[in-house]
1. Just to be sure I understand, how many residues within region 94-116 are within 27 Å of residue 661 (Cβ to Cβ) and open to solvent by less than 60 Å² (accessible area, probe 1.4 Å)?
2. Report, by residue number, each residue of region 555-591 that is modelled with pLDDT under 95 and either within 19 Å of residue 393 (Cβ to Cβ) or aliphatic (A, V, I, L, M) (or both).
3. Is it the case, given these coordinates, that residue 598 is closer than 26 Å to residue 36 by Cβ, acidic (Asp, Glu) and either more than 25 Å from the chain's Cα centre (by Cα) or surrounded by fewer than 21 Cβ atoms within 10 Å (Cβ to Cβ) (or both)?
4. If only one of 561, 521 is farther than 21 Å from residue 339 by Cα, of a type outside the set (D, E, K, R) and in a loop (DSSP other than H, G, I, E, B), which one is it?
5. Within region 138-147, can one find any residue that is in contact (Cβ under 8 Å) with a residue 24 or more places away in the chain, closer than 25 Å to residue 593 by Cβ, open to solvent by less than 70 Å² (accessible area, probe 1.4 Å) and not in a loop (DSSP other than H, G, I, E, B)?
6. Yes or no: residue 159 acidic (Asp, Glu), over 27 Å from the mean Cα position of the chain (by Cα) and at pLDDT below 90?
7. Working only within region 635-651, note down all residues that are open to solvent by less than 20 Å² (accessible area, probe 1.4 Å) and more than 16 Å from residue 584 (Cβ to Cβ).
8. Checking the conditions here, which among 618, 606 is crowded, with 19+ Cβ neighbours inside 10 Å, in a loop (DSSP other than H, G, I, E, B) and charged (D, E, K, R)?
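The values are calculated or read from the model by the stated rules, or taken from the named source; none is laboratory data. None of the values given here were measured: they were computed from a predicted structure. Backbone-built Cβ (ideal geometry, glycine too); neighbour counts: all protein chains shown. SASA here: full protein model, heavy atoms, side chains in, ligands and nucleic acids out. Shrake-Rupley method; radii C 1.70, N 1.55, O 1.52, S 1.80 Å.
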Amino acid sequence: MDESPAETVVDPKLSVDDSPSLKSNGSQRTPEELVAKAIAPVKKEFLRSPPPRPSSSTNHQNHVVSETKVVAVKDKKSKRQLKRERRQEQKSARSICPLIAKTGDVSSCPYNDKCRFSHDLQGFKDQKPADLEGECPFMNAEGPCPYGLACRFFGTHKDGVPTETSDARKKCAEINGLKKDVQKLLWKNKMSFPKADAKLKALGLLGKAKSKMKILEVEKDDGTVPSTCHETDENGCSEVNNESDAKLDSVDVPEEDGVDGTLETDEQPPKKQKSVVYENFSSAEAKNGDVIFTEKNVGISCTQTKPEDCTDIIPPEADRSLKLHPREKKLIDFRDKLYLAPLTTVGNLPFRRVCKVLGADVTCGEMAMCTNLLQGQASEWALLRRHSSEDLFGVQICGAYPDTVARAIELIDQECTVDFIDINMGCPIDIVVDKGAGSALLTKPMRIKNIIDAASGTVDKPITVKVRTGFFEGKNRIDTLITDIGYWGTSAVTIHGRSRQQRYSKLANWDYIYQCARKAPDDLQVLGNGDVFSYLDWNMHKTECPVLATCMIARGALIKPWIFTEIKEQKHWDISSGERLTILKDFVRFGLEHWGSDTKGVETTRRFLLEWLSYTCRYIPVGLLDVVPQQLNWRPPTYMGRDDLETLMASDSAADWVRISEMLLGKVPDGFTFAPKHKSNAYDRAENG
């Protein structure tokens, strides 16, 4: 993921009366003075006084609740109670059996009374919400709509109730699903990982543990996972107790390796002298006449058929360039490509499709936790799904230990079609860092080495990593590791120009990114990340550091996904509100195709749309600014747009985001509530008191 800006806090919008845009003596400040104070220089004719904040007694509370209140309600219910409520919901008339919905025939379900869902067809029709405007997103698919009667666009179905079912369009368009037989093996902890285990054993990272510790439960959207025992050796490698059927979630950091302890020295870790290995054959089965050197033997180990072949043996201390480097197996050229960063929550498949239409070249799935993938969690595997339009696609994973990462990578390589695999070593989120993953790895260079060594040696696909400048502000350390990162087997490294301690505050340190790019080996591609918000930013970074492969675009794409078009066309796009609404319509259509056109799919699409709108409201149209382009750190005053729709899109009120969603997806259901998952701004907290 590009570590999503989960804890970014933007100051509330400034009113005309309170805004620094007016000096105390009443004279207007110049645009240059406003920019110097990180205030957006909106033209005077568009400024307005902010609307009054709604009180807790207004209907606004029916749409928006504070996140703390939501959590408080959830905490009062046990997992058993929540499960019981889900079962009751499934048995209600609102949850019709999918087979019956597709065929319209009550007798079509083979499970009869044992089915988890309702078979009350008439009851479902009586309570079903009115159809939405527009056509069914599956109208052009080969075969009928897979949701049948449950589709919210059922009235547009040409043949009424379909007599056959087909998911042809969805299956054709999306890949990387988790097979049921594989999921069952993962649930039972019976999945084998021969490649990963062989590589871990060769590296000395697979063996009996020296210490034991318990895995803490990690709160997920769908509940917690029971704790189990995890074993860790001195190399930072962990091994699951195969005798236990408990599921593995996240791993605690040993006290001696924890973030709270003393940091390892900033000096480069010593390189192990590696022996020559010919990689055109398996280490277990040598071809006739081939020579194998092993790291375990002090002398030379030779497998041959002709004794005279031993005369040409090269000692281990000879030139290691004869060894096939993992990066030489396959490379991806990222140079000058527009790379959409992996973004938690908002970087979903429909959003990536929108960015592809607008010009993105490279896309990457949302960050997935290795332990959750190895448990077979369907919600985590959904993050790996790929659309057919994503011609250059990678997935991003996050793990704390070499064995966990290596096994997850082997599983992804076996079950998914991806072009590269990115390992996140920069996520600043506390729940990730506390488990020794993400940014916590920046304090453990030898752990980084072991992870990259194990990952690159397990699969042939390119392995990339994403890092930050360092863990603590002012203590950058990637420049001391950049050469080694390339040698360990990484094809590319993305550097976010902030430390973990900075999170998303202050500006990205691009001078340090340039320094690292110039210091990197020639065969290691370095990508920069941070605050790219216009084609001028892109051009500046590429001009000032020609060795930089490309720039990864994260929050800039969230706020204005047409940034890819601007970079390719080298212009500032003064996009109209109507054009922006068309982009939102595309997202809704892609969302219904991905999450479904039934009521559940519609409401899932709505929630992800609202999450995205919490970012797009920060965009200020080019025609409203005295100085262009807009910068990410600018605080917008309260302003009106050039039409009512543009004014609505500029609102920081979640109630207005809900109004936009109702324009596209119909009225929200009774009791609907929404709170931005990532607290991308402070406006709602101010509104809700």
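1. Kept after step one, since they are within 27 Å of residue 661 (Cβ to Cβ), are these residues of region 94-116: 94-96, 98, 101.
Filter again for open to solvent by less than 60 Å² (accessible area, probe 1.4 Å), leaving 95-96, 101.
So the answer is 3.
2. Residues satisfying the conditions do not exist here.
3. no
4. Result: 521 is the single residue among 561, 521 that is farther than 21 Å from residue 339 by Cα, of a type outside the set (D, E, K, R) and in a loop (DSSP other than H, G, I, E, B).
5. Scanning region 138-147, I find no residue that is in contact (Cβ under 8 Å) with a residue 24 or more places away in the chain, closer than 25 Å to residue 593 by Cβ, open to solvent by less than 70 Å² (accessible area, probe 1.4 Å) and not in a loop (DSSP other than H, G, I, E, B), so the answer is no.
6. Numbers: acidic (Asp, Glu): yes; over 27 Å from the mean Cα position of the chain (by Cα): yes; at pLDDT below 90: yes.
Against the criterion (acidic (Asp, Glu), over 27 Å from the mean Cα position of the chain (by Cα) and at pLDDT below 90), residue 159 qualifies.
7. First, pick out the residues of region 635-651 that are open to solvent by less than 20 Å² (accessible area, probe 1.4 Å): 636-639, 641, 646, 649-651.
636, 637, 638, 639 - these are the residues of region 635-651 that are open to solvent by less than 20 Å² (accessible area, probe 1.4 Å) and more than 16 Å from residue 584 (Cβ to Cβ).
8. 618
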